[in-house]
Amino acid sequence: MYSLLRKLLFTLPPETAHKLALSGLDAAASLGLLRAFVVPPQPLPVKVMGIEFPNPVGLAAGLDKNADHLAGLGALGFGFIEVGTVTPLPQPGNPLPRMYRLAEHHAIINRMGFNNEGLDYLVSRVAGRRYGGVLGINVGKNKDTPAEDAALDYRKGIAAVYDHADYITCNVSSPNTPGLRDLQFGDSLLRLLEAIKQEQQTQQERSGRYVPVAVKIAPDMDESELRFVAEALKNSGMDGVIATNTTLARDAVKGHRHAGQAGGLSGDPVREPSLRIIRQLSSELAGVLPIIGVGGISDGHSAAEKIQAGASLVQVYTGFIYRGPALVGEAVEAIRALPTDRR
């Protein structure tokens, strides 16, 4: 059924289709219709970052930036949902059009630019949510915030969402906010991680509750850069790393009419770059902190290979747009089929 729906949606501009699909999902959930079409996977519990996940397949940030669609998305069998990226102040993002389908590559190019309604709005949504599953909240900096003040935006984000999140992700790897990826390197990263940890500790002391913090990184790093990042994450006491965000590389889609569009490329072309990062991270981190694997998961096999490469959890986004809810169960079953010592 989803394949028929996708054909209809893909006749529309990507953002229009995105909004229509989520609105339809919400309506179906409110009417109780999803139960007739979606069979949630059987539990495959896993404990990561001190959190009990009902299964290891989650929804990546970006699909539900403002936590407006938790009721519908929460009925699709995900082991966890990550909302955001949210910035302290509302911002419109980049001008339209800013999203492009590369259907023959099962890929998307986007340059959304952290379009969202801001922290106050998102907190109002998650504070009253009925979704009872594991919730991650992804925070970032506003476009107009100078790089030297970036840590303040991340601290504001952590402080605002701390009481409402099961875990928090700090996004330092979107290619669509100028200068953001520079925060992944050198002294900028070290200072930022120190500020993030300080805020986490402040909020823990205030609330009496420990909420783990993960950092989301890009796939466009060489071995020495990734080695530095892994060491910095370990030394700063971060609780997890999400690998990876979208890529700026275009080799895999060379010749496509949209290949020259600015923005991050997601979907099947990111599968191998993401695996490379996960494998090296797994070696560098040696189990000190867990990896959440993202990028190019379009079937059960590509989910399972992320786990085999060293990830403890996986997240889907572009593959979910192309495959629909069936991908969730397929990914869970492929991971279940792995030998227990490989997951």
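Only one of the numbered conditions (1) open to solvent by 30 Å² or more (accessible area, probe 1.4 Å); (2) more than 20 Å from V83 (Cα to Cα); (3) modelled with pLDDT under 95; (4) not in a helix (DSSP H, G or I) is violated by P175, and that is (2).
Pairs linking a residue in segment 288-300 that is closer than 12 Å to V48 by Cβ to a residue that is of a type in the set (K, R) and crowded, with 21+ Cβ neighbours inside 10 Å, with Cβ atoms under 7 Å and 6 or more positions apart or on different chains, are G293/K306. Within segment 143-155, being at pLDDT 95 or above and either more than 24 Å from L192 (Cβ to Cβ) or touching a Ser or Thr at 6+ places or on another chain (Cβ under 6 Å) (or both) holds for one residue alone: D153.
A single member of L44, L31 is without any contact (Cβ under 8 Å) to a residue 24 or more places away in the chain and more than 28 Å from L265 (Cα to Cα), and it is L31. Note on segment 22-45: among residues that are more than 23 Å from D68 (Cα to Cα) and open to solvent by less than 40 Å² (accessible area, probe 1.4 Å), the one that is modelled with the lowest pLDDT is P41. Taking the conditions (1) touching a strand residue (DSSP E or B) at 6+ places or on another chain (Cβ under 9 Å); (2) charged (D, E, K, R); (3) open to solvent by 40 Å² or more (accessible area, probe 1.4 Å) in turn, K19 satisfies each one other than (1).
Evaluated against (1) in contact with a Pro (Cβ under 9 Å, 6 or more places away or on another chain); (2) assigned to a helix (DSSP H, G or I); (3) open to solvent by 20 Å² or more (accessible area, probe 1.4 Å); (4) among the aliphatic types (A, V, I, L, M), A249 falls short on exactly one condition, (2). Which ones in segment 1-56 are aromatic (F, W, Y) and within 18 Å of L135 (Cα to Cα)? Result: F53, single match.
Among the criteria (1) open to solvent by 10 Å² or more (accessible area, probe 1.4 Å); (2) among the small types (G, A, S); (3) touching a helix residue (DSSP H, G or I) at 6+ places or on another chain (Cβ under 6 Å); (4) in a loop (DSSP other than H, G, I, E, B), the one A67 does not fulfil is (1). Count of segment 285-307 residues, restricted to those that are part of a helix (DSSP H, G or I) and crowded, with 19+ Cβ neighbours inside 10 Å, is 7.
If you go through segment 143-160 and keep only what is over 19 Å from S124 (Cα atoms) and either in a helix (DSSP H, G or I) or under 20 Å from the mean Cα position of the chain (by Cα) (or both), you end up with K143, A147, E148, D149, A150, A151, L152. Here segment 312-343 is the region considered, the condition is being open to solvent by 10 Å² or more (accessible area, probe 1.4 Å) and assigned to a loop (DSSP other than H, G, I, E, B), and the residue that is nearest to I242 (Cα to Cα) is S312. Quick check, is L192 touching a Leu at 6+ places or on another chain (Cβ under 6 Å), in contact (Cβ under 8 Å) with a residue 24 or more places away in the chain and either closer than 23 Å to A262 by Cβ or of a type outside the set (A, V, I, L, M) (or both)? For L192, the condition - touching a Leu at 6+ places or on another chain (Cβ under 6 Å), in contact (Cβ under 8 Å) with a residue 24 or more places away in the chain and either closer than 23 Å to A262 by Cβ or of a type outside the set (A, V, I, L, M) (or both) - is not met.
Mind listing whichever residues of segment 188-230 are of a type in the set (D, E), outside any helix (DSSP H, G or I) and more than 20 Å from the chain's Cα centre (by Cα)? Steps first, answer last, please.
Taking segment 188-230 as the starting set, the residues that turn out to be of a type in the set (D, E) are 194, 199, 205, 220, 222-223, 225.
Okay, now just the ones that are also outside any helix (DSSP H, G or I), so 220, 222.
Within segment 188-230, just D222 meets the criteria.
The set of residues in segment 6-16 being in a helix (DSSP H, G or I) and within 24 Å of the chain's Cα centre (by Cα) consists of R6, L9, P14, E15, T16. Scanning segment 70-119 for residues that are among the aliphatic types (A, V, I, L, M), touching a Phe, Trp or Tyr at 6+ places or on another chain (Cβ under 8 Å) and surrounded by fewer than 19 Cβ atoms within 10 Å (Cβ to Cβ) turns up A71, A103.
The values are calculated or read from the model by the stated rules, or taken from the named source; none is laboratory data. This is a predicted model, so every value here is computed, not measured. Glycine also receives a Cβ, built like all others from the backbone with ideal geometry; neighbour counts cover every protein chain displayed. Only protein heavy atoms, including side chains, enter the accessible area calculation; ligands, DNA and RNA are left aside. Shrake-Rupley method; radii C 1.70, N 1.55, O 1.52, S 1.80 Å.
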